[in-house]
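Worksheet for the structure shown next.
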Amino acid sequence: MAKVVAVDESTQPLRALSAAELQTYHEQGYVIIDNVFPQEDVTAINDEIECLLPEHGDTQEHRPGWIFQLGLRSELIGSFARDERILSLIEDIVRPGIAIHSAKLVSKEPNSDIVCHWHQDEAFYTRPDDPKSFSNTRMSIWVPLQDANEANGCMWIVPGSHRWGLQDYEIMDYGACVRRLTPEEYANEHAIPMPLPAGSMLLFHGLLWHTSKGNSTDRVRRAFIVSYQEATSQADVGQRKLIRPAP
């Protein structure tokens, strides 16, 4: 495996969400933070991904280039999931305390028409037979490792949809994110794209409706996704890692 130098966080400025950003998150279910990771950090993650893919890449045809349990595959990647530049931004959302729910790489291979269906993350995380598995503070960060745009499969969202609760879904037999929202037609009518430069960050609620389309370009588009939940959550999650204990 290629040697990758860890990032010195002490040289990186930390900041919390502003009052306006926090209000946007609570009202719209998402907020965009530009330039969280500089290009050298993005390059380090990409280089590590190239080393991990041959052994850990998902073998399902509908998820080429994906890696699950990413934080457990690499100490470098795990350190990014615990990075204080992220934690300082989410600490007013995820409380009390912070735990990692999951970390993964999602890819859009070149010239691919594989879609990630309209879905809510909580549809995958909440078990119908266990109310304690639901978390109203669970959220995710989405960090593109290449500039993401409509051509290469950026995320699309429905603003404010996190306030409508957990929706019905149907299981699809093609594409990724197969628990497709039943109100898909409404989602398509009200969707807006989320183009982001590499190293920027989309913070979004676990109930927010989101999707991504195919990649019509000749270059890969990757995104690093980490989901966080409060430290006191009773959800039975294999990857769960406590970062900040509850006070």
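The values are calculated or read from the model by the stated rules, or taken from the named source; none is laboratory data. Nothing here was measured: the structure is a model prediction, and the numbers come from that model. Cβ placement follows ideal geometry from the backbone for every residue including glycine, while neighbour counts extend to all protein chains displayed. Accessible surface areas use protein heavy atoms only, side chains included; no ligands, DNA or RNA. Shrake-Rupley method; radii C 1.70, N 1.55, O 1.52, S 1.80 Å.
What translational diffusion coefficient, to the nearest whole µm²/s, does the chain have by Stokes-Einstein, given a Kirkwood radius computed over alpha-carbon pairs, a temperature of 37 °C and 0.692 mPa s viscosity?
180
Nearest 500 deg cm²/dmol is fine: what mean residue ellipticity at 222 nm does the chain get from its DSSP H runs of n ≥ 4 alone, each adding -39,500 (n - 2.57), divided by its residue count?
Computed ellipticity for the chain at 222 nm equals -6000 deg cm²/dmol.
For the chain, with a Gaussian network of springs between Cα atoms less than 10 Å apart, report the residue from Ser233, Ser133, Ser107 with the top mean-square fluctuation.
For the chain, modelled as a Gaussian network with Cα springs under 10 Å, the answer is Ser133.
If DNA, RNA and ligands are ignored and the probe is 1.4 Å, what is the ranking of Trp142, Trp156 by accessible area, most exposed first?
Descending accessible area places them as Trp156, Trp142.
Pick out, from Asn152, Gly71, Ala123, the residue whose Cα sits farthest towards the positive end of the charge dipole of the range 45-179, with +1 on the Cβ of Lys and Arg and -1 on the Cβ of Asp and Glu.
Ala123
Can you give me the C-alpha center-to-center distance between the range 149-172 and the range 91-112, rounded to a whole angstrom?
15
In the range 165-247, which chymotrypsin sites (Phe, Trp or Tyr not before Pro) fall in coil by DSSP and have 16 or fewer other Cβ atoms within 10 Å?
Qualifying residues, ordered by number: Tyr174.
Once the other residues with Cβ under 13 Å from the Cβ of Ser216 are scored (Lys, Arg +1; Asp, Glu -1), what is the net sum?
0
Pairs of lysines 8 or more apart, or on different chains, with alpha carbons under 20 Å: count those in the chain, would you?
4
Under a Cβ-Cβ limit of 4.7 Å, which cysteines in the chain have nobody to pair with?
Cys51, Cys154
Using the heavy atoms of the protein chains alone and a 1.4 angstrom probe, what is the accessible area of the chain per residue in square angstrom?
Counting only protein heavy atoms, the per-residue value for the chain is 46 Å².
Taking the Cβ of His56 as the centre, find all other residues whose Cβ is under 12 Å away and add up their charges (Lys, Arg: +1; Asp, Glu: -1).
-2
Let me know the shape class of the range 112-191, please: from the alpha-carbon gyration tensor, a ≥ b ≥ c as square roots of the eigenvalues, rounded when a/c is under 1.5, otherwise prolate if a/b is greater than b/c, or oblate.
Prolate, because a/c is 1.5 or more and a/b exceeds b/c.
Let me have the relative contact order for the chain, percent, based on Cα pairs under 8 Å that are six or more residues apart.
Dividing the mean separation by the residue count of the chain yields 32 percent.
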